[in-house]
Amino acid sequence: MKKTTKILSFSVLLLVLLVLPHLFTMDYYLHIFVMSEIYAVLALSLALIVGFSGQVSMGHAAFYGIGAYVSAILSTKFGIPFWGTFWVSGAAAALVSWAIGKLVLRLRGHVLAITTAFFCVLVNVIMVNWIPVTNGPMGIAGVPRPSPIHLLGLNIVFESRMHYYYLGLVFVAIVAAFFYRLTTSRLGDNLIGVRENEELAESLGIDTMKNKVFAFTVGGMLAGFAGSFYAHYILFISPVTFTITESINILVMVIFGGMSTMLGPILGAIALTVLPEFLRMAGALRLVIYGVALICFIIWLPQGVWGSLKNWHRNKQLSMESKE
C-alpha cells in the first residue's frame, strides 16, 4: 500500500512539473522556475556537507562561482561547448573542494564556519582582481547557450526559458537520484555516524576525515555543475553573484527545508526563491517580512519544514500503534 501511494504521488508530481511551464508561460515565471532548479541543486549539494556529515560550510558560493567561471572562460576564450565545459567545471570545483577539505576539515563548529567563509571571500577577491582571466568587476559577457541536441528525432535548441526549464528539471532529477542513492548507501550511514558522534564513529573503524573530505568534495562538485548551468543560462557572470551573502542564502535554504532530508533542501530552495518575488509588493518592508518569517520558521520548526513534517507523521504513526 505504501509503495503504491509513493508511486502515485511521484506520478502526480512529475505530471505537475511537466505541465507547469505551459500553465505559467511568462518569461518572468519561467525564470523563477529555472533559478529554483539551480538553487535546488545547490541546496542538495550543501545538505550533503551540512546535513549528512555535520560540517558547517559558509563558503559554498565559492564552488558555485568556480564552476561558473571555469565554464564561462572555456566557452568564451576556447570555444568549448557547454556539454564539455559542464563536466570540466564540476571536476575543477571538486578538485578545489577536495584540497580545501583536506586543509580545513580538522576544524569544527564556528571555527570551520569562519574559515570556509574566509575562503569564499578569498575566491571572490580573486574573481575581482584577476582581470586578465576573469575580466574583474566587469564580469564575463557573451557566454554561449548550450549547443542544440538531437534526441528521439527532436532538434532541441536552447533559445527559450522553457527549454532551460526542462533541461534543469532533468538536472535536478539526476542530482536528486544520485543524492538519494548516496545517502541511503553504506557511505551515507558512515556520514551520518560522523555527524552524530565523530569519536564513536572512529572507534567503530570509520575513517572520519576521509568521509568528511568525500562529502565536501562531492558537494563542491555538484555546486560546480550548478555554476556551469547558471553561466550558460544567464549568459553573463560577475563576482557580485558569488559572495558570502550567496553562501548564507544557500545555507538558509537547507535549514529552512530540513537539512537531513532529500526533499527538504529542494523545498527550501523553491520556497526561498519564490517567496522574495511575492514579497516585492511590500516594497521597502519586504526584507523585514522575509527576515521575520525566517526567524519564526527557525524557532518553531528547528528541523526545517520537511523534517518537521516527517517527525510529525512518524510520531502520529507511533501514537496510533501504541493505542492498538
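As an equivalent ellipsoid, region 93-197 spans semi-axes of 33, 27, 10 angstrom, where each value is the square root of five times an eigenvalue of the C-alpha gyration tensor, largest first. If only the Cβ of Lys and Arg carry +1 and only the Cβ of Asp and Glu carry -1, the dipole of the chain around its Cα centre is close to 300 debye.
Taking every lysine pair in the chain that is 8 or more places apart or spans two chains, those with Cα atoms closer than 25 Å amount to 11. The residues of the chain present an accessible area of 53 Å² per residue when probed at 1.4 Å with all protein chains retained. Normalised by the number of residues in region 1-142, the mean separation of alpha-carbon contacts (under 8 Å, six or more apart) gives a relative contact order of 23 percent.
Between the residues Leu17, Thr5, Val172, the greatest Cα displacement towards the positive end of the dipole of the chain, with unit charges on the Cβ of Lys, Arg, Asp and Glu, is found for Thr5.
With all protein chains in place and a 1.4 Å probe, the accessible surface of region 147-261 carries 66 percent carbon and sulfur. Per-atom-type breakdown for region 9-110 gives carbon and sulfur 77% of the accessible area (1.4 Å probe, protein chains only).
Its Cα gyration tensor gives region 1-145 an equivalent ellipsoid; the semi-axes, largest first and in whole Å, are 31, 25, 14.
Label sites at Asn129 and Phe178, each approximated as a point 7 angstrom past Cα along Cα to Cβ, lie 3.3 nm apart.
Computed on protein heavy atoms with a 1.4 Å probe, the accessible areas place Thr25, Thr241 in the order Thr25, Thr241, largest first. Of the DSSP H helices in the chain, those that are both long (alpha-carbon extent of 24 Å or more along the helix axis) and hydrophobic (Kyte-Doolittle mean at least -0.5) are 2-23, 27-47, 60-78, 82-104, 109-129, 161-183, 208-234. In a Debye calculation with equal point scatterers on the alpha-carbon sites of region 154-277 and no solvent, what is log10 I(q)/I(0) at q = 0.15, 0.17, 0.18, 0.22 Å⁻¹? Debye intensities relative to I(0), on a log10 scale: -0.87, -1.06, -1.15, -1.47.
Summarised in one figure, the compactness ratio Rg/Rh of region 52-120, Cα atoms and Kirkwood Rh, is 1.09. Normalising the average separation of contacting C-alpha pairs (under 8 angstrom, six or more residues apart) by the number of residues puts the relative contact order of the chain at 31 percent. Accessible area per residue was computed with a 1.4 Å probe on protein heavy atoms; Leu30 scores about 10 Å².
Suppose R0 equals 45 Å. What FRET efficiency, 1/(1 + (r/R0)^6) with r the Cβ-Cβ distance, do Asn197 and Met162 give to the nearest 0.05? Working from the Cβ atoms, E equals 0.40.
The values are calculated or read from the model by the stated rules, or taken from the named source; none is laboratory data. Not measured: the values here are computed from a predicted model. Glycine also receives a Cβ, built like all others from the backbone with ideal geometry; neighbour counts cover every protein chain displayed. Keep in mind that these areas ignore ligands, DNA and RNA; they rest on the heavy atoms of the full protein, side chains included. Shrake-Rupley method; radii C 1.70, N 1.55, O 1.52, S 1.80 Å.
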